[in-house]
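The values are calculated or read from the model by the stated rules, or taken from the named source; none is laboratory data. Computed from a prediction, not measured in an experiment: that's the story for all the values here. Glycine gets a Cβ as well: all are built from the backbone with ideal geometry, and neighbour counts include every protein chain shown.
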Amino acid sequence: MTYVLGLGGPYHHDGSACLIDGTGQILAFTEEERFSRRKHNRDSRSCGAAAAYCLSVAGIDLRDVSSIAVAWNPWHPQPSAEITDPGLLRELLPPRFFGEFTPASALIVDHHRAHAASAFFASGMDRATVIVADGHGDGRSTSIHNGDRDRGLTEVWSAGPSQSLGWMYESVAAHLGLGDWSSAGKLMGLASYGSPSMDAAFLEDGIHKPYQIDVARLGLKPPDAEASADDILRFYFDLQHALSDHYTGMGVSRLTALRHYDPHSGEFVRAHEFDPAQLNLAASAQHWLERALTALVRFAISTTGVADVCYAGGVALNCAANGTLRRQALPGSLFVQPVASDAGCALGAAYEAVLLQGGQVSAAAMRTTAFGAEFTPGSVRRTLDATGTRYAEPPEGVARRVAALIASGQTVGWMQGRAEAGPRALGHRSILGDPRVSATRDFINRDVKKRELWRPLAPSILDREAAETVQDAHRSDFMIEAFLASDRAKAGLPAVVHVDGTMRPQFVSSAVDPCFGELLEAVRDEIGIGAVLNTSFNGEDEPIVNTPIQALSMFHTSPLEALAIGPFLITKN
């Protein structure tokens, strides 16, 4: 059998690995952070643990892989086809994971092309307009591609770092004290509490282009096409400072992310509240992004002549914008790669390597991201016994017992099957609760995850109940798009409906995920609707749990009331 190993995110963050066979079937796909336990695997290019896990699934050695593909050109802007530098290869794939073996070379796949491939070849579409929008990668921030199952991808338009919608959005998150590039999701949630009343003088409608960020208005000169990585990094910092100064000039004061110790709660809490101007800036930033993306999608479709759209890149994780795009800009279908961040580039790089070897990627649509670590009941039992954990194996099945706990108001850690890739917990490494009670959301935000109360949480819902819970129901496997909630959902599921009347559901098919589907069926028997509040099984600024030991640690150091691992149930009483 032919094996191809893709590596994603080696820009000192979001390292990942994906192993596929010669037809493009995903055998394993996971992120380095799940093993290093550093969120986004910051400050490291290593994909070693993730790659070693992927190889172990297939029972092969790194020497058995026919091609290694990396979604990054370390010598940009110089064109490069492969990495042969032994030091860099050892940095990407530390030899200690592979019996001290270092491969001789790795294929270079352009960063935006890897993003585009990850979306198009996972979509199941034969032809599509493929859009990538992120912070920056290999000299580009936005790109449009024509996707054809037989001919592959052809880039038809791109924009450089000065036109980065990701960097623009990030600048507002930083100005409001929410954090760096990894905090864009917080800004998306906060935006619903303000009014989009502020204009961005620097963001214009483009002429012969979808949009224009006029950096000259900010006193900056865009980097040229031959700019080095260091030059682009300097421009990034200059842009962030210039945009922050611009927001201050608009009357919005800058906040820091500093926290102080609250002796009453014994916790470190955020040291500020948001004033109306700051909330309005958050709402305006979401509006600016959606306006630019709407123009981008319409421009892309008119350029390619294909109405169906595939979409990837870090900006594609903005669920609210994705919902707006579907409702306002799309005449055809939309597929958003659920691992849209740089971690997803491992999949795209692997797809491209298969094509370069003369292979053909199968046309099956991606329906799950559960390609990570899995533990047998026997191995889980050994861990529980070794740690002295007292547990039960409910005779009626763990799903039915957990459903009863959720219906009674308890919050449960749920670890089943293979771990998901990407930022969303989709019923394999989840914290679950009753969606009918807003206090459930507040308990998880405040006490379990120790984060802001305004952060929205999402539901997982049986797919046959989609039409009763959202307007304009369609398949949604990945919590990647905001829907307008139905009146029934607003009244009956307040814990998972955001203040703006939207929610970002996962509609669960029992055929795709029998275990999670069984739980939702049991919940339906208990509360009358097959829906749960579902958020990722991790604490604030921590990666999602990957192993039984990590799940036990999170359970015992948090106020979670029960934990289900495989067929076993652990409670605190």
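Tabulated values for the structure
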{"quantity": "Top-ranked residue in region 228-281 [being closer than 30 Å to Thr557 by Cβ and of a type in the set (A, V, I, L, M, F, W, C); ranked as modelled with the highest pLDDT]", "calculated": "Phe274"}
{"quantity": "Near pairs, Cβ below 8 angstrom, 6+ apart or cross-chain, from region 508-526 (within 13 Å of Ala403 (Cα to Cα)) to any residue that is basic (Lys, Arg) and crowded, with 17+ Cβ neighbours inside 10 Å", "calculated": "Ala522/Arg400"}
{"quantity": "All positions within region 412-428 that are farther than 20 Å from Gly15 by Cβ, touching a Lys or Arg at 6+ places or on another chain (Cβ under 8 Å) and outside any strand (DSSP E or B)", "calculated": "His428"}
{"quantity": "Region 526-544, subset polar (S, T, N, Q) and in contact with a helix residue (DSSP H, G or I) (Cβ under 8 Å, 6 or more places away or on another chain), residue farthest from Glu465 (Cα to Cα)", "calculated": "Asn538"}
{"quantity": "Condition check for Gly359: at pLDDT 95 or above and out of contact with any Cys (no Cβ under 7 Å at 6 or more places or on another chain)", "calculated": "no"}
{"quantity": "Qualifying residue in region 523-534 (condition: crowded, with 24+ Cβ neighbours inside 10 Å and either out of contact with any Pro (no Cβ under 8 Å at 6 or more places or on another chain) or at pLDDT below 95 (or both))", "calculated": "yes"}
{"quantity": "Odd one out for Thr376, checked against (1) touching a helix residue (DSSP H, G or I) at 6+ places or on another chain (Cβ under 7 Å); (2) surrounded by fewer than 21 Cβ atoms within 10 Å (Cβ to Cβ)", "calculated": "(1)"}
{"quantity": "Candidates Thr389, Thr324, Thr368 - the one that is farther than 29 Å from Cys47 by Cβ, among the polar types (S, T, N, Q) and assigned to a loop (DSSP other than H, G, I, E, B)", "calculated": "Thr389"}
{"quantity": "Meets criteria (of a type in the set (Lys, Arg), touching a residue at least 24 places away in the same chain (Cβ under 8 Å) and farther than 30 Å from Gly305 by Cα) for Arg367", "calculated": "no"}
{"quantity": "Residues of region 302-320 satisfying the condition of being assigned to a helix (DSSP H, G or I) and either within 10 Å of the chain's Cα centre (by Cα) or within 25 Å of Pro456 (Cβ to Cβ) (or both)", "calculated": "Gly314, Val315, Ala316, Leu317, Cys319, Ala320"}
{"quantity": "Matching residues, region 1-57, being surrounded by 21 or more Cβ atoms within 10 Å (Cβ to Cβ), basic (Lys, Arg) and part of a helix (DSSP H, G or I)", "calculated": "Arg34"}
{"quantity": "Qualifying position, being small (Gly, Ala, Ser) and touching a helix residue (DSSP H, G or I) at 6+ places or on another chain (Cβ under 8 Å), among Ala225, Ala229, Ala191", "calculated": "Ala191"}
{"quantity": "Residue list for region 448-462, filter: surrounded by fewer than 16 Cβ atoms within 10 Å (Cβ to Cβ) and at pLDDT 95 or above", "calculated": "none"}
{"quantity": "Pairs with Cβ under 9 Å, 6+ apart, first in region 213-235 and among the β-branched types (Val, Ile, Thr), second surrounded by fewer than 11 Cβ atoms within 10 Å (Cβ to Cβ) and in a helix (DSSP H, G or I)", "calculated": "none"}
{"quantity": "Single condition Pro395 does not satisfy, out of (1) more than 30 Å from Ala282 (Cα to Cα); (2) of a type outside the set (S, T, N, Q); (3) touching a residue at least 40 places away in the same chain (Cβ under 8 Å)", "calculated": "(3)"}
{"quantity": "Lone qualifier among Asp442, Asp472 - being at positive phi, acidic (Asp, Glu) and surrounded by fewer than 24 Cβ atoms within 10 Å (Cβ to Cβ)", "calculated": "Asp472"}
{"quantity": "Only one of Leu279, Leu296 that is in the same structural domain as Asp205 (by TED's automatic domain parsing), in a helix (DSSP H, G or I), within 18 Å of Arg455 (Cα to Cα) and touching a residue at least 40 places away in the same chain (Cβ under 8 Å)", "calculated": "Leu279"}
{"quantity": "Leu317 being in the same structural domain as His13 (by TED's automatic domain parsing) and crowded, with 18+ Cβ neighbours inside 10 Å", "calculated": "no"}
{"quantity": "Test: residue in region 495-504 that is assigned to a helix (DSSP H, G or I), under 16 Å from Arg441 (Cβ atoms) and modelled with pLDDT of 95 or more", "calculated": "yes"}
{"quantity": "Residue count for region 356-373, restricted to those that are touching a helix residue (DSSP H, G or I) at 6+ places or on another chain (Cβ under 8 Å), over 30 Å from Ala551 (Cα atoms) and surrounded by 15 or more Cβ atoms within 10 Å (Cβ to Cβ)", "calculated": "1"}
{"quantity": "Test: residue in region 240-259 that is touching a helix residue (DSSP H, G or I) at 6+ places or on another chain (Cβ under 9 Å), surrounded by 13 or more Cβ atoms within 10 Å (Cβ to Cβ), of a type in the set (Asp, Glu) and not in a strand (DSSP E or B)", "calculated": "yes"}
{"quantity": "Any hit, region 440-450, residues being in the same structural domain as Met554 (by TED's automatic domain parsing), in a loop (DSSP other than H, G, I, E, B) and farther than 30 Å from Ser123 by Cα", "calculated": "yes"}
{"quantity": "Residue ID - nearest to Leu289 (Cα to Cα), chosen from residues in region 194-213 that are of a type in the set (A, V, I, L, M) and part of a loop (DSSP other than H, G, I, E, B)", "calculated": "Ala200"}
{"quantity": "Search result, residues across region 167-206 that are in contact with a Lys or Arg (Cβ under 8 Å, 6 or more places away or on another chain) and among the small types (Gly, Ala, Ser)", "calculated": "Ala173, Gly177, Gly179, Ser182, Gly189, Ala201"}
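One line per residue, one yes/no per condition, for (1) touching a residue at least 12 places away in the same chain (Cβ under 8 Å); (2) surrounded by fewer than 21 Cβ atoms within 10 Å (Cβ to Cβ); (3) within 23 Å of the chain's Cα centre (by Cα):
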site	(1), (2), (3)
Ala71	yes, no, yes
Trp75	no, yes, no
Gly99	yes, yes, no
Arg113	yes, no, yes
Ala116	yes, no, yes
Phe121	yes, no, yes
Asp134	yes, no, yes
Asn146	yes, no, no
